[in-house]
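Written below as structure tokens is the structure these notes are about.
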Amino acid sequence: MTVYNLAWAVVLLPLGAALASYVVESPRRAAWVCVGGMALAFGVAIVILGYRLGHISQAPYSTTITLWTYQAGQQPNGEITTFNPQVGVLVDGLSAAVMPTVAFVTLAVQVYSLQYLRNDAGLRRFFVVTAVFGGAMLGLVASPNLFQSLFLWITLTVGSALLVGHWWHRPAAGAAALRLALTVGVGDLALLLATIFGFTKLAPDVGLLPPAPGLSFNDPFDFSLLAVEWQRVANHAVSGAGLRTLEVMAILLLVAALAKAAQLPFTGWLAGMAEAPAPALALLCATGPLTAGVYLLARTYRLFELAPHTLTAMAVVGAITAVVGAVAALAHNDIKRLLAFMSVAQVGLMLVALGVGAFSAAIFQLLTNAWFAALLCLAAGNLVSAYGTQDIRQLGGAGRRMPATARLLLAGCLSAGLVPLFAGFWSADAIVAGIIRNSSPDLVHVAPAARALVLLLTCVAILVLAAAAMRLYAAVALGEPARRRGFVPERVRESPRLMLVPMLGLAVLAVFGGLIGIEGAPRTFAKFVHVGAGAPSYGFSAAGLLITAGLTVAGGSAAVLLASGRLGWLRGALTPLSGVGQLAADALHLQGASERLVTWGVVHMAPLPVRVDDSVVEVVAGDVAAATELLGAGLVRGQPRRLPGQLLAAAAAMLIVVGAVTLAATGHFPGVGAAR
Amino acid sequence: MSDELIIHAAQGTLLALQWAPRALALAAGKGWLPQVAAAGPSGAAVTAAPAASPAPAANPVLTAPPTAAPTAPRTTPGTTPTTAATSEFPTILLSSLIWAALLAAVVILFLPERTKEQRDRIRIVGLAGAGVSLFLAAVAVNYEIAQDLLGGEVSFEEVHSWITSLPVHVDYHVAADGISLPLLLLSTLVFAAALVASWRVERRTKLYVVLLLLLETGVNGSLCAFDYVLLLLFLGLEIVPLFLLIAVWGGEDRMRAAWRWLCMSTLSWALLLAAILLIGFKGGQGNFTFLQINGAGGSGVVLTGGIATAAFWLCFAACAIRLPIVPVHTWFRGAVSTSSPPVAAIIAGISTTMGGYLLLRVVLPGFPAAAHRFSLPIALLAVLTALWGAVAALAQDDVRRLLAYAGLSQMSLVLLAVAAQSSIALNGAVLQLVAHGLSSAMLLLLAGGLEERARTRSITRLGGLAWQMPRFTLFWMIAGLSAIGVPFLAGFAAEFQVFLGSYPAHRVATVVVMAATLVSTGAVLWMLQRVFFGPAREAFARVRDAGTLELLYLVPMVVALIAFGMFVGRVMPMINNGVQLITARLSGG
């Protein structure tokens, strides 16, 4: 068991490195300190993963320390003896599987940034933020309770805003960071509310349960205890809580996750991703808020199984977002926005998987997405710095001029396009098989109509994702760059090795990593990461494999052929649909709509209270003040002396009064203290 | 009207307002009262009062504590250890803390201020006085944290009989518990920071420093006072110095703001006086000691009926003006935006905190039944204030007015906790008072530095200042993030507990206040973006960043913000110890 305590190190090493980096004078060395901390964390995470792989059947291990504690006593919702929020680590299959990927992707991004941001004025800041961001994400993955998840969740929001706003001197970057903070802030509030709601409803009952061995109290935020409580609520064993309690809490958690993962209707801030530096984009898309949302849903999955309507909602929202994101990725020409929308579509597929009960497939997709999304974003960084533009219509010819980057990009695109045999394919295959199976480990089903809709939308999303990924590759690697003023194609050079090496590590995972999770294989990912006590044993799904392979091959090859000028009839057929693409690219105009709503509802209201203050409250109070002023002036008229004189007079007056009071108090003042 | 005339007017008004009610009360008190205070050395046994004596509910107006024979007369000066803690610790700590500032002020009165060196000497003496207070507050907090605390104990208690021959019995009774100690640390820290921040004040330096120190004495005294009359005296001590500080060293339109402060604070003071007279004469039989009136575990006096309601609302209105709450908040934005930055920091960081402190110290324990009954109106006021401040902050162009409105929204959390009256929410409220005091004082000091350098405080005219002022930006971000409740800083634990404790009692109100915090977050971040980020501007090309002087007062405040955020596990048990006094009163009656 003690090996699992190393999880503390995984969380604390990056945070400690972020602090320690301030000891070092030169920003570059500080960056290396952060890289070192993350590398150590990655090594430790691998050790934990290895140990856990050898002991699959062990129960989850969690250990906590008390952050603060006091006797709370009677609350409006019931008796709570002590209030003691805990922080700690939880090692089970889920966290052991996700931690190494988070650490590795963050490490790769940091190593890449050593070169990419070498001359950036904010080098130190970037590394500190990435270290804290990575540490917060690792802590969120290892979080044993809702309280810790909440505060790392908010930390992650701040980190995301700082990453997007890294180039703060661009007005657009600042605006994007603000927009992100407020949109994701809705999710933060939702999670805060879910935490509070759960505490209100369940904490008094948690206190009645027998404490776990070795503990003297029950933490009402603890995930395992919450799972017990949810089951008790479902069995009507908790007074004051019923199925509606479960549904409300599930909806709050779902809203929190949707806002964090930029799913509909919270997609608006994605356009701002164009302002983030490429490494920051990689972190945000691969291991940052997007996956944090899915991870929270996975952690609280028991609740959703008890409130099955929310599972259906999750699947449908995920599927719609996947289609919209994929179409938007196809329609966007800004490479960073394209990648952001592509990642959102992949995250939508994860939600679909969770919704139909394919728990392991969702987490598997989370990992593969982290690998190829990070790879693609870093490749985009190479291209942007070499070509000096983010518009893929002006890129081109990278295959000849930047061969290594182009090959890495190809690996990423094939994986992200879910093309057979690459990592993304196996996770998409598992998801499609999951939709066909449509049964959670606890045998909860999505309604047949919803399932058909979800299957249809998922197929469309997979087709379009393949097309979008391969279009990206074709546009960038084939052909010749567009002519622009001030751009000399001959000057385009391959990126330095320090940037290519971390990408190579990610590319290996993006190509071969999928082999760990082939659906139906005997020692597969689903055996290691699952919800509930026993691993489900799924058979091989030929239909899922064929559908996924057919769709991705069709979509990918169509995109490549279109890009190389063939398939004119298809182009003609698709032209009328460009309006749909634009609509999706603008994320269904949701950002504009919500901003107008906020503008009308809040910002336009803003002068109103000020006006009331100025015209009503101030005037009333002002009259009182003026009256007093007049009165005061009248009292002292005719004594225009200087200020110190006045002060002296006041002091003397006070002295006399104090003296009189003292005399009176001690009984020397005849008449006043006559009570004696 | 010239400055001088106005100052005369102030003094005249003040004297009238301060002494007239008191004289009236004394005169009236003689008529009202039976010969209770005639017992010379009064024997109001503080801790010896029977703990379990359910107050008989027969008397509609008041139920007095059992008039048991005093078992522990505590009138011998200096030898009154009433708790285990005080017997181990020199009991003059709080007195030294309170009077050190006044002592420094008296010394400064005799120092000349003609040359630069002489003025520097004045500042150093002033800072020494504030520094002694700060040091003692830190020692006291450190000592209290190290104690194994039992519910509702007070430490560092000093009781001396002071006025015994009047109908009104008044003690010099100071003590500190988990509520006052963190606030003492806050106030001494902010005053020391304000003194450093006003190092470059060259106009009437002597008067300025003396007034600041007088103000500090008043604030620290009212935080420690455990006797109602003493509390009133210390609160009254704050009014005139702050009036003069605004009126003499303020900026544009300062007289208006100063008058507004004088009116509102005197009104608040008078309301509190009226309420306390009601408590004292109707309930406490002329004894104004906290533990007598607010004793934990049912040993105190309970006002009932219409008198309790009236006294509750008087008290609440007094605190509402100070906090401030929406209908009576306009003095606040004027005072914050026109006074000099260190004074604005004191107003936003300390003066409002005093309002919250009085709510927790006087209103809740004094009127448990009424507070419970009027919980919903209080929650509604909290909602109104939160929304009002957050929305109005969006419309501001003046940095300081924006901070004032955002602060209004932040302080409504305290009011929400007072409405909820659960121990978790009240714990959060005390921490919120500290966190908000620190962050808003820091933000206003930073805003002062900003306008001193950029020569404007209009947000539309500022921009891109992070180019020239990276340190300022960093400090601003830390304080702003704490204000909006970001983890690892003091604000998070405070807001989390307030919301967690308030939700069960007032669900809708809590959710609305939460939404309002998102809006005020937006206002603060938007300002950050408009003031500091964006392209560099030619106009600010030669603006200096924070120098040694600024670091000298900013770094300790940042350290405190982070310390209260990181070591919340050490702080919360201490705070809860004080809160238990309130909750025992709320539940026990």
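The values are calculated or read from the model by the stated rules, or taken from the named source; none is laboratory data. Computed from a predicted structure; not experimentally measured. Note that each Cβ is placed from the backbone with ideal geometry, even for glycine, and that neighbours are counted across all protein chains shown.
Key figures
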item	result
A:Val35 being modelled with pLDDT of 90 or more, assigned to a helix (DSSP H, G or I) and away from chain B (no Cβ under 14 Å)	yes
Residues (within 14 Å of another protein chain (Cβ to nearest Cβ), of a type in the set (Ser, Thr, Tyr) and part of a helix (DSSP H, G or I)) located in segment B:423-468	B:Ser423
Within segment B:312-381, helices (runs of 4 or more DSSP H) holding 1 or more residues that are within 14 Å of another protein chain (Cβ to nearest Cβ) and polar (S, T, N, Q)	B:330-338
Yes/no for B:Ala393 being surrounded by 24 or more Cβ atoms within 10 Å (Cβ to Cβ) and assigned to a helix (DSSP H, G or I)	yes
Residue count, segment B:392-422 (criterion: away from chain A (no Cβ under 11 Å) and among the basic types (Lys, Arg))	1
Within segment A:127-152, considering residues that are polar (S, T, N, Q) and outside any helix (DSSP H, G or I), the one farthest from A:Phe223 (Cα to Cα)	A:Ser143
Options A:Gln390, A:Gln365: the member that is under 23 Å from A:Gly325 (Cβ atoms) and at pLDDT below 90	A:Gln390
Enumerated helices (runs of 4 or more DSSP H) restricted to segment A:289-374, each holding at least 3 residues that are more than 27 Å from A:Leu504 (Cβ to Cβ) and polar (S, T, N, Q)	A:308-331
A:Trp68 vs. criteria within 30 Å of B:Val579 (Cβ to Cβ) and either of a type in the set (Lys, Arg) or not in a helix (DSSP H, G or I) (or both)	yes
Checklist (1) within 14 Å of chain A (Cβ to nearest Cβ); (2) more than 26 Å from A:Leu146 (Cα to Cα) applied to B:Val513, failing item	(2)
Residue in segment B:162-174 that is among the polar types (S, T, N, Q) and touching an Asp or Glu at 6+ places or on another chain (Cβ under 6 Å) present	no
Boolean, A:Gly532 is in contact (Cβ under 8 Å) with a residue 60 or more places away in the chain, more than 14 Å from chain B (Cβ to nearest Cβ) and crowded, with 18+ Cβ neighbours inside 10 Å	no
Selected residue (criterion: surrounded by the fewest Cβ atoms within 10 Å (Cβ to Cβ)) from residues of segment A:548-574 that are assigned to a helix (DSSP H, G or I) and among the polar types (S, T, N, Q)	A:Ser557
Some residue of segment A:509-519 being within 24 Å of A:Gly396 (Cα to Cα), touching a residue at least 40 places away in the same chain (Cβ under 8 Å) and touching a Gly at 6+ places or on another chain (Cβ under 7 Å)	yes
Among the residues listed as B:Leu223, B:Leu267, B:Leu262, the single one being at the interface with another protein chain (Cβ under 10 Å from one of its Cβ atoms), surrounded by 24 or more Cβ atoms within 10 Å (Cβ to Cβ) and in a helix (DSSP H, G or I)	B:Leu262
Selection count, segment A:180-217, where residues are more than 10 Å from chain B (Cβ to nearest Cβ) and closer than 25 Å to A:Ala276 by Cα	4
Filter result for the condition that a residue is more than 25 Å from A:Thr101 (Cβ to Cβ), aliphatic (A, V, I, L, M), out of contact with any Ser or Thr (no Cβ under 8 Å at 6 or more places or on another chain) and in a helix (DSSP H, G or I), over A:Leu545, A:Leu577, A:Leu515	A:Leu577
Failed criterion for B:Ala404 (all others in (1) in contact (Cβ under 8 Å) with a residue 24 or more places away in the chain; (2) surrounded by fewer than 24 Cβ atoms within 10 Å (Cβ to Cβ); (3) in a helix (DSSP H, G or I) hold)	(2)
Condition met for A:Leu40 (under 27 Å from A:Ile516 (Cβ atoms) and more than 22 Å from the chain's Cα centre (by Cα))	yes
Which numbered condition B:Pro327 misses (of (1) touching a Cys at 6+ places or on another chain (Cβ under 9 Å); (2) free of Cβ contacts under 8 Å to residues at least 40 places away in the same chain)	(1)
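Residues are listed down the side, and each one gets a yes or a no for (1) assigned to a helix (DSSP H, G or I); (2) modelled with pLDDT of 95 or more; (3) more than 27 Å from A:Ile363 (Cβ to Cβ):
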site	(1), (2), (3)
A:Val89	no, no, no
A:Ala96	yes, no, no
A:Leu114	yes, no, yes
A:Arg118	no, no, yes
A:Ala121	no, no, yes
A:Arg125	yes, no, yes
A:Ile154	yes, no, no
A:Ser160	yes, no, no
A:His166	no, no, yes
